[in-house]
1. What pairs come up if the first residue lies in segment 181-202 and is basic (Lys, Arg), the second is surrounded by 20 or more Cβ atoms within 10 Å (Cβ to Cβ) and in a loop (DSSP other than H, G, I, E, B), and their beta carbons are under 9 Å apart, counting only those six or more places apart or on different chains?
2. How many of the residues in segment 55-105 are acidic (Asp, Glu) and not in a helix (DSSP H, G or I)?
3. Listed residues 185, 175, 196; which is in contact with a helix residue (DSSP H, G or I) (Cβ under 8 Å, 6 or more places away or on another chain) and either at pLDDT 95 or above or under 19 Å from residue 105 (Cα atoms) (or both)?
4. Suppose the filter is under 27 Å from residue 90 (Cα atoms), at pLDDT 95 or above and either touching a strand residue (DSSP E or B) at 6+ places or on another chain (Cβ under 6 Å) or among the β-branched types (Val, Ile, Thr) (or both); does residue 37 pass it?
5. Could you give every pair whose Cβ atoms fall below 9 Å, whose first residue belongs to segment 51-63 and is of a type in the set (S, T, N, Q), and whose second residue is surrounded by 12 or more Cβ atoms within 10 Å (Cβ to Cβ), counting only separations of at least 6 or pairs across chains?
6. Do any strands (runs of 3 or more DSSP E) entirely within segment 119-230 hold 2 or more residues that are among the aliphatic types (A, V, I, L, M) and closer than 25 Å to residue 303 by Cα, and if so, which?
7. When you go through 236, 253 one by one, which is the residue that is in a helix (DSSP H, G or I), more than 14 Å from the chain's Cα centre (by Cα), more than 23 Å from residue 123 (Cα to Cα) and among the small types (Gly, Ala, Ser)?
8. Is there a residue in segment 18-28 that is closer than 22 Å to residue 207 by Cα, of a type in the set (D, E, K, R) and touching a residue at least 40 places away in the same chain (Cβ under 8 Å)?
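The values are calculated or read from the model by the stated rules, or taken from the named source; none is laboratory data. As the structure is a computational prediction, the values presented were derived from the model and not from experiment. Note that we place each Cβ from the backbone using ideal geometry, even for glycine, and neighbour counts take in every protein chain shown.
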Amino acid sequence: MSRILVTGASGFVGRVLVPTLVSEGYDVRAAVRRLPAPFEPPVEPATHDDLSADVEWQPLLAGVDFVVHLAGIAHTGGVSDVHYDRINHRATAALAAAARAAGVKRLVFVSTIRAQTGPRSDRVLTEADAPRPTDPYGRSKLAAETALAQSRVDFTVLRPVLVYGPGVKGNLRALMRLAALPVPLPFGAFTNRRSLLSVHNLVAAIVHVLRHAASGRETYVVADPQPVSLAEIVTALRAGMDRAPGLFTVPPALLHLGLTLLGRGGNWDQIDGQLIVDPSKLIAAGWRPEVDTAAGLAAMAGK
């Protein structure tokens, strides 16, 4: 039985990934910042130091065949450039070096689409597009990817778009709260489309690249196959709440002005911007995303 170390195991993705790996026949060592870990046997709980310090990776890697590195800062804003670099880049570089020394067969690094682009793009993105991150978060993740490539450990990089699922936080959590309000919402005119990613589809991608030998030293963008508009997102969320869409049309420019006056103008790229990612490379390699976006959003809202 292969042993796999999962860092950041108690996070949003890790809580879905760890039991999936167990069901797939892996012996899982789940590394968290502090015990108790939210897992039961046969999962082996372990702890690691704060990634802003020098982590002793060697004990965690003892007897390990594979690593999935989820730990890191997973949001933009409110963090210094130095802290992003220390946690997302340098800690990953140190882990890669230790994994190489320990004879790890493959390290799967869950990066982000923000290592490749800003919050919006006027073209459909693929792996062939040159990375152009626009913020410290994205730059720190891209630097970590570069460190992996230089480490000589076998690796796969995944660049997921915005991930949704039970327990989601951030902008999607805020949108769920809006959708739950018993009032119409002014998003009927928003037809710009964005790629999203079910947490279950992301976990399926991780399991796939662990087992697919040809994924070594490859980078994949990861997204549900069909992008959705803001109107479609709200419609799906409200469907999960057994409610009608309740959308009406307000000129986007007027809504932008209102958000700016409320001090929320910085959210405009997420509302009005387009960001479509084409995951054809990963699909061609054998990944099969099973969760449909609309159904997945509805299921998330219905929990």
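1. Close Cβ pairs satisfying both conditions: 193/227; 194/161; 194/227.
2. Selection size over segment 55-105: 2.
3. On the way: 185 fails: either at pLDDT 95 or above or under 19 Å from residue 105 (Cα atoms) (or both); 175 fails: either at pLDDT 95 or above or under 19 Å from residue 105 (Cα atoms) (or both).
Sole residue among the options that is in contact with a helix residue (DSSP H, G or I) (Cβ under 8 Å, 6 or more places away or on another chain) and either at pLDDT 95 or above or under 19 Å from residue 105 (Cα atoms) (or both): 196.
4. Details: under 27 Å from residue 90 (Cα atoms): yes; at pLDDT 95 or above: no; either touching a strand residue (DSSP E or B) at 6+ places or on another chain (Cβ under 6 Å) or among the β-branched types (Val, Ile, Thr) (or both): yes.
Here the answer is no, as residue 37 does not meet what is asked.
5. Within 9 Å, the pairs are 52/83; 52/86; 52/87; 52/91; 58/98; 58/101; 58/102.
6. Working: elements: 155-160, 162-164, 196-198, 218-222.
Per the criteria, 162-164, 196-198.
7. Values: 253 fails: more than 23 Å from residue 123 (Cα to Cα).
Of the residues listed, the single one that is in a helix (DSSP H, G or I), more than 14 Å from the chain's Cα centre (by Cα), more than 23 Å from residue 123 (Cα to Cα) and among the small types (Gly, Ala, Ser) is 236.
8. Residues of segment 18-28 closer than 22 Å to residue 207 by Cα: 18-28.
In the following step, the residues that additionally are of a type in the set (D, E, K, R) were identified as 24, 27.
Subsequent filtering for residues that are touching a residue at least 40 places away in the same chain (Cβ under 8 Å) retains 24.
So far as segment 18-28 goes, yes, one or more of its residues are closer than 22 Å to residue 207 by Cα, of a type in the set (D, E, K, R) and touching a residue at least 40 places away in the same chain (Cβ under 8 Å).
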